[in-house]
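Worksheet: one structure, shown below.
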Amino acid sequence: MKNETSHPAHILIVEDDLASRSLLVSYFQKEGYRVSETERADDLTQRVRQEQVDLVLLDINLPGKDGLTLTRELRASSRVGIILVTSKGDEIDRIVGLELGADDYVTKPFNPRELMVRAKNLLWRVLHMDQEQGAVGSRPRLCWQFDGWTLDPHKRQLTSPEDTQERLPEGEFRLLQALVMHPGQVLSRDQLMDAIHGREWTPNDRSVDVLIGRLRRKLNDDPSNPQIILTAHGAGYMFAAQVD
């Protein structure tokens, strides 16, 4: 729920398979959410804005514009939560989806309880961020600064030494936040995966590595000789910059 006194969070399910779509609709309606559904969504960006959608469950394989194209378009214009619904053989597409700004993914056949937990956690973060942004004007803001960069957790915003600002996707923000909160400490992939998705890392899951690569590019941190986010081979990653 958005909060105890407002309307339920709005979830849009984009899935062309009727059985899967009906199952998802049923799950979320039983939890009291407002649920909309569609089998294709070439106008998804406009619909999310007009209907005030909070979370999109987006199947990767769709007729018309596919889920990856829609993810890129959505993330360019919206902070809406995005969970990709994928098949077991879609590992490369999952990685690309995360690179394009999706927040999380579930794999068919999915566990209904796990899906619900992921959706609730992501909704809480998205809606909590909106509430935080509405309240920050009345109190001082805590930001992290390192090597000329500034990370504002209330806006999820990264500001460069040249004062260029970018709002980070959820996954990138949570990963960078975990790193800057533990400078000089090696964080394992398990710890980082838990910070991003609330799940344990498995050897074939490259989510953390993909997001590290994206953050390095944004921080102009040469992947062949990184100075900010270091790789601890066989152990994880370490944030090497001094954090103020």
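Among the candidates 48, 35, 85, 25, which residue alone is farther than 24 Å from residue 207 by Cβ, assigned by TED's automatic domain parsing to the domain that holds residue 116 and out of contact with any Phe, Trp or Tyr (no Cβ under 7 Å at 6 or more places or on another chain)? Working first, answer last.
On the way: 48 fails: farther than 24 Å from residue 207 by Cβ; 35 fails: out of contact with any Phe, Trp or Tyr (no Cβ under 7 Å at 6 or more places or on another chain); 85 fails: farther than 24 Å from residue 207 by Cβ.
From the options 48, 35, 85, 25, the qualifying one is 25.
Of all residues in segment 99-115, those that are in a helix (DSSP H, G or I), buried (at least 16 other Cβ atoms within 10 Å of the Cβ) and either among the aromatic types (Phe, Trp, Tyr) or in contact with a Phe, Trp or Tyr (Cβ under 8 Å, 6 or more places away or on another chain) (or both) total 1.
Given the criterion touching a helix residue (DSSP H, G or I) at 6+ places or on another chain (Cβ under 7 Å) and not aromatic (Phe, Trp, Tyr), identify the matching residue among 89, 32, 81.
Only one candidate passes the filter, namely 81.
Could you go through segment 60-73 and let me know if any residue there is assigned by TED's automatic domain parsing to the domain that holds residue 99, under 16 Å from the mean Cα position of the chain (by Cα), under 19 Å from residue 100 (Cβ atoms) and of a type in the set (D, E, K, R). Yes. Candidates are the residues of segment 78-98 that are at pLDDT below 85 and under 22 Å from residue 155 (Cβ atoms); the one that is surrounded by the most Cβ atoms within 10 Å (Cβ to Cβ) is 98.
Being farther than 15 Å from residue 108 by Cα, part of a loop (DSSP other than H, G, I, E, B) and modelled with pLDDT of 90 or more, is that true of even one residue in segment 61-77? For segment 61-77, residues farther than 15 Å from residue 108 by Cα, part of a loop (DSSP other than H, G, I, E, B) and modelled with pLDDT of 90 or more: absent. Filtering segment 4-57 to residues that are of a type in the set (Asp, Glu) and free of Cβ contacts under 8 Å to residues at least 60 places away in the same chain leaves 4, 16, 17, 37, 39, 42, 43, 51. Just one of (1) in contact (Cβ under 8 Å) with a residue 12 or more places away in the chain; (2) among the aliphatic types (A, V, I, L, M); (3) assigned to a helix (DSSP H, G or I) fails for residue 92. It is (1).
Looking only at segment 41-60, how many residues end up being in a helix (DSSP H, G or I) and surrounded by 15 or more Cβ atoms within 10 Å (Cβ to Cβ)?
Applying the first criterion (in a helix (DSSP H, G or I)) to segment 41-60 yields 44-50.
Filter once more, keeping what is surrounded by 15 or more Cβ atoms within 10 Å (Cβ to Cβ): 44-45, 47-48.
Summing the residues that are in a helix (DSSP H, G or I) and surrounded by 15 or more Cβ atoms within 10 Å (Cβ to Cβ) in segment 41-60 gives 4.
The values are calculated or read from the model by the stated rules, or taken from the named source; none is laboratory data. Here the structure is a predicted model, which is why all the values come from computation and not from measurement. All Cβ positions, glycine included, derive from the backbone under ideal geometry; neighbour counts span all protein chains shown.
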